[in-house]
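One structure below.
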Amino acid sequence: MYSLLVRNARIAQPDGSIYEGDLACERGLIAKTGPSLDAQADETIDAGGKLLLPGVIDPQVHFREPGATYKEDLASGSRAAVKGGVTSFLEMPNTNPPTIDQSSLDSKLASAKRKCVANYGFFIGATPNNLHEINTASPVCGIKIFMGASTGDLLVHDPQDLEHIFANGDRLIAVHAEDEKRIRERRALFAENTDPRVHSEIRDNRCAALATELALTLSTRYERRLHILHLSTHDEVEQLQNHKPSWVTAEVIPNHLYLNVEHYARQGTLVQMNPPIRQPKDNAALWQALHDGVIDFIATDHAPHSMEEKKQPYSQSPSGVPGVETSLPLMLTHMKAGKCTLAELQKWMCWGPAEAYRIANKGKITEGWDADLTLVDIDAVRPARNQDMFTKVGWTPYHGWPLTGWPIYTIVGGYVAFDQNRIRENVCGQALNFTT
Ligand code: DOR
């Protein structure tokens, strides 16, 4: 007797081919696949020929707990995640108080255990003086360094402090790469300007390129695992084309692929984020880099702020936009248009992040691997709409965009967590393990 049986699915294989058949789950694992399984289960889903994908891993989200739970919390964020086909997420430390030691990490883990319907992992945040904590707090997926200030107080921008962190320890370091000194200088230049467009002028391409260059130099010097978060410029793509050691990975977020400075005209501060949206030329370079493997995978940087907060005049408006429940529909739309393959989609959204963060047994539909899955209707054309969002803030920068391909069931650990627009409240996500 299995816990769950998915019948008549088009099952995505890691190489992008499709296997037509059934899939059975047992004790949290993919127990068996076959053309027509002779089996019984507690629950059976008729997939009706729809596409079964590995659950998406979103390796960068901000779920605001503790400190700003009116915008999101681990319960609402994980529900928005499974609605978007995301079965595991890695959450950032810029909460209030920030996650910078074992006790702040433990309280997040305890809350996640009670509330999350998706699997969860957390970053530990670096400060100029918590070297011991960032190297010992456990379990963590990596150390997050804000090289440029963004939401919250976390910041390490002095090159000596940065070098001290890179030189001591061997955990993965994930950097928000923007140069704080240059941001401050340029903010002074545009001090009186309230046009949201200046956000992209203040935190210009050079800000990103300078910080990425420094992170790459330090990572190379100490052979230190480095992940560059939300790459946003063609300049950084060129840097990585020229020099990307085997221990370095990079990600891009859908906002930097799909949005650019032209979107300020209609959406203003709603599309204000860090790093900022760039030029169409940058969009094109990022897409190409993703196809070429210079960029390894996709995260969302889901960073919810309320509509009221976002609608304040620049620069009182906070930076960040929600995204965890729209990334898969956006990328399925791209695939449906013939612009990427099923193999690429799985690398970018499923097994790529699992490999980089050393999460075993996730991201591929393989017997014996974890039963984290999402069944998607790749023919469903529907606009993304604010009112349909599960995030507490109830909006998306893609409001009105017709997207092709939406999750209809999301399965976490062999149990249905999201069922045709409904959350099944009895499902518990698990703490992710990161092998060293
Ligand atoms: O725009 C952003 N918002 N970028 C970040 O790095 C942080 C995020 C947030 O937490 O609001």
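Laboratory data are not the source of any read-out in this text; all were calculated from the coordinates shown. Just so it is clear, the structure is predicted and the values come from calculations on it, not from any experiment. FYI the Cβ positions are ideal-geometry reconstructions off the backbone, even for glycines, and counts take in every protein chain you see.
Condition check: more than 16 Å from the ligand (Cβ to nearest atom), part of a helix (DSSP H, G or I) and of a type outside the set (Lys, Arg). Does residue 313 satisfy that? Spelling it out, it is not the case that residue 313 is more than 16 Å from the ligand (Cβ to nearest atom), part of a helix (DSSP H, G or I) and of a type outside the set (Lys, Arg). Exactly one residue out of 114, 182, 187, 206 is part of a helix (DSSP H, G or I) and within 16 Å of the ligand (Cβ to nearest atom), and it is 187.
Looking for something buried (at least 24 other Cβ atoms within 10 Å of the Cβ), within 16 Å of the ligand (Cβ to nearest atom) and not in a strand (DSSP E or B) - is there at least one such residue anywhere in region 96-104? Scanning region 96-104, I find at least one residue that is buried (at least 24 other Cβ atoms within 10 Å of the Cβ), within 16 Å of the ligand (Cβ to nearest atom) and not in a strand (DSSP E or B), so the answer is yes.
Whenever a residue of region 270-282 is acidic (Asp, Glu), its partners that are assigned to a loop (DSSP other than H, G, I, E, B) and more than 10 Å from the ligand (Cβ to nearest atom), lying with C-beta atoms within less than 8 angstrom and at least six residues away or across chains, give the pairs 282/232; 282/233; 282/260. Residues that are without any contact (Cβ under 8 Å) to a residue 40 or more places away in the chain and part of a loop (DSSP other than H, G, I, E, B) were ranked within region 34-68; the one that is nearest to residue 364 (Cα to Cα) is 35.
Considering region 10-33, and only residues there that are without any contact (Cβ under 8 Å) to a residue 40 or more places away in the chain and of a type in the set (Asp, Glu), the residue that is nearest to residue 347 (Cα to Cα) turns out to be 20. Within region 239-269, the only residue that satisfies the criterion of being within 12 Å of the ligand (Cβ to nearest atom) and free of Cβ contacts under 8 Å to residues at least 40 places away in the same chain is 256.
Just a yes or no: is a residue in region 11-24 in a loop (DSSP other than H, G, I, E, B) and farther than 21 Å from residue 352 by Cα? Full working, then the answer.
Taking region 11-24 first, the residues in a loop (DSSP other than H, G, I, E, B) are 13-17.
Checking which are farther than 21 Å from residue 352 by Cα leaves us with none.
For region 11-24, residues in a loop (DSSP other than H, G, I, E, B) and farther than 21 Å from residue 352 by Cα: absent.
Going through (1) touching a residue at least 40 places away in the same chain (Cβ under 8 Å); (2) in a helix (DSSP H, G or I) one by one, residue 140 falls short only on (2).
Under 20 Å from residue 277 (Cβ atoms), more than 19 Å from the chain's Cα centre (by Cα) and within 16 Å of the ligand (Cβ to nearest atom): which single residue out of 200, 232 fits that description?
Details: 232 fails: more than 19 Å from the chain's Cα centre (by Cα).
After applying the criteria, what remains is 200.
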